[in-house]
């Protein structure tokens, strides 16, 4: 690289003075590491429940009852809402009628198969005795094949209707929507009398189990947080810091923030901790 030389003339007869400017230095990786180690890393996080579920119906229908509201405690398998069963019961009756018709068709088809085979046996003997033309024997064989094909078709239809009856029966049973685990109702989205589509949330339940701490770190720091790493979180409503252990580090970068999401499980008593609280995480 060529050196820049500046000539400064002090007086008319003064000798030129060479001034070499100091070039700025780019920080090295080692310098960056030293800077990073100068103090603890602090990140913003949020507390979440390890178990959270939205109670949803499997099929669309009228919501007849909602037994809980926000803040209510629920136990495992408790009925929290009920769908109107009338429509599903009508569907069940229709499905059972279709299954009955399909079963009757199978019975008739099996009778036709037996009759076609009986005629084939008679024609075989008649041809052997020379009292019936070979053409009749070929026709009898084709009739057996036709009867077998029809029987196979109606058996398939019977299987479809049988599966439909099982599905509708399950839907009738599932009109009583239950809590999968003990917890607290965090939100109530729908009231009785509303029509609810399949998969639409009625209530949200937050479990009473362990709490999770979710926070984001730059990708270059993710490797320093393998599962089992201990971190400390300061929560607004809790006077003392809370310890947590890293359980999961997402392998992909979050596209919105460009960060890696880390989940840690809170250690010790978490009775005063509520989902949604903000936290400051220190590594």
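General remarks:
- Unmet criterion (only one of (1) over 25 Å from residue 100 (Cα atoms); (2) without any contact (Cβ under 8 Å) to a residue 60 or more places away in the chain) for residue 179: (2)
- Boolean, residue 165 is without any contact (Cβ under 8 Å) to a residue 60 or more places away in the chain, surrounded by 17 or more Cβ atoms within 10 Å (Cβ to Cβ) and in contact with a helix residue (DSSP H, G or I) (Cβ under 7 Å, 6 or more places away or on another chain): no
- Here residue 173 does not fit the description of being free of Cβ contacts under 8 Å to residues at least 40 places away in the same chain, farther than 17 Å from residue 85 by Cα and loosely packed, with under 12 Cβ neighbours inside 10 Å.
- Only one of 68, 74, 53, 86 that is out of contact with any helix residue (DSSP H, G or I) (no Cβ under 6 Å at 6 or more places or on another chain) and surrounded by fewer than 15 Cβ atoms within 10 Å (Cβ to Cβ): 86
- Restricting the stretch 114-141 to residues that are over 21 Å from residue 152 (Cβ atoms) and under 60 Å from the mean Cα position of the chain (by Cα) leaves a set whose member that is surrounded by the most Cβ atoms within 10 Å (Cβ to Cβ) is 138.
- Residues in the stretch 249-260 include at least one that is surrounded by 14 or more Cβ atoms within 10 Å (Cβ to Cβ), closer than 14 Å to residue 212 by Cα, modelled with pLDDT of 90 or more and under 25 Å from the mean Cα position of the chain (by Cα).
- Qualifying residue in the stretch 220-238 (condition: touching a strand residue (DSSP E or B) at 6+ places or on another chain (Cβ under 7 Å), part of a strand (DSSP E or B), modelled with pLDDT under 85 and over 24 Å from residue 52 (Cβ atoms)): no
- Residue count for the stretch 198-231, restricted to those that are surrounded by fewer than 17 Cβ atoms within 10 Å (Cβ to Cβ) and under 18 Å from residue 282 (Cα atoms): 12.
The values are calculated or read from the model by the stated rules, or taken from the named source; none is laboratory data. Bear in mind the structure is a predicted one, so any value in this text is a computation, not a measurement. Cβ: placed from backbone, ideal geometry, glycine included. Neighbour counts: every protein chain shown.
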